[in-house]
Amino acid sequence: MSTPKRPKKQPFDIEKAMPLLREAVAPYPKAALFELYAEGHTSVFEILIACIISIRTHDEVTLPAARRLFAAARTPAAVADLSVKQIDPLISPCTFHDVKAKTIRDIAIGARDEHGGTLPCDPETLMAFKGVGPKCAHLALGIACDMMLTGVDIHVHRVTNRWGYVAAKTPEKTMEQLHEKLPRHFRVEINALLVPFGKHICTGERPKCSTCPLIGMCRQVGVLAPQ
């Protein structure tokens, strides 16, 4: 008895995928940095600092930590006036909080002393700060400055490779390929959508493929135990 053939996958069409993604993630909380922006934390400095807090930290921890810090101080001058020992307990639930506290204060001092208290919309300036890589620089500039840059975190990396839309072994290589392939008008939004999509639907283990609206075009690269 012959094994029934699987339905042939459609080519991955990002223009068709994005509306499906918007609908799929609508019931879930926004990604932390986009939620903070919606709450009024709209400066490059605030989004950059929130991204530093978020590194290797779940959104459920990142959001309250960032809110506590910004309730105490939200401008470079105000944060620079805090000591590392004052910043640390405000963000202490996040991973590597002691290291991040020093990084945050150093960025605040640099923004105050070298940039007149306002960080510019410039990736090289942001990445000149120790502890700031392309992901956080691109997210800060994409969200706060509307620059068409893609911040690639673990969700964006995993999902876009699982789709077969890119084929890269590291987030850095995924970012390069997305900047070559992804239409400019989706470069910021892709992170806003794929963070909740990756957390709740296209999860790292046992992704919910049977109910995923993109199953007809996803190549399911590396998927071993779908639900």
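Determine which lysines satisfy two conditions relative to K102: a Cα distance under 24 Å, and not lying fewer than 8 residues away in the same chain.
Within the straight-line cut-off, K102 pairs with K85, K130, K135.
Can you list the cysteines of the chain that have no other Cys Cβ under 4.7 Å away?
Singleton cysteines: C94, C202, C209, C212, C218.
To the nearest 500 deg cm²/dmol, what mean residue ellipticity at 222 nm is calculated for the chain from DSSP H runs of n ≥ 4 alone, each contributing -39,500 (n - 2.57), summed and divided by the residues?
-16000 deg cm²/dmol
Starting with the highest mean, order 129-137, 156-164, 168-176 by the number of other Cβ atoms within 10 Å, averaged over the residues of each peptide.
Ranked from most to least packed, the peptides come out as 156-164, 129-137, 168-176.
Give the residue from G198, T95, V61 lying farthest towards the positive end of the charge dipole for the chain; charges sit on Cβ (+1 for Lys and Arg, -1 for Asp and Glu) and the dipole is referred to the Cα centre.
G198
If you place +1 on the Cβ of every Lys and Arg, -1 on the Cβ of every Asp and Glu, and leave all else neutral, what size is the dipole of the stretch 31-147 about its Cα centre, to the nearest 20 Debye?
340 debye
Taking the Cβ of each residue in T118, T150 as the centre, tally the other Cβ atoms inside 10 Å and list the residues starting with the fewest.
T118, T150
When the label point is put 7 Å from the Cα of A72 along its Cα-to-beta-carbon vector, which residues of the stretch 87-121 have a backbone N closer than 17 Å?
Residues 87-109 fall inside that zone.
Using every Cα-Cα pair within the stretch 31-147, state what percent have a distance larger than 21 Å.
In whole percent, the long-distance tail amounts to 25.
So if each residue of separation counts as 0.36 nm, and I subtract the Cα-Cα distance between E39 and A225, what length gain in nm does that give?
63.2 nm
Work out how much length E114 to K16 would gain on full extension: take 0.36 nm times their residue separation and subtract the Cα-Cα distance, in nm to one decimal.
Result for the pair: 30.8 nm of gain on full extension.
How would you rank S43, S54, S92, going from fewest to most other Cβ atoms within 10 Å of each one's own Cβ?
Fewest-to-most ranking of S43, S54, S92: S92, S43, S54.
Using a Förster radius of 25 Å, what is the FRET efficiency between C121 and K181 based on their Cβ-Cβ separation? Nearest 0.05, please.
0.55
Rule-based calculations on the coordinates, nothing more; no lab input. The structure presented is a predicted model; accordingly, all values stated were derived computationally and were not measured. Note that we place each Cβ from the backbone using ideal geometry, even for glycine, and neighbour counts take in every protein chain shown.
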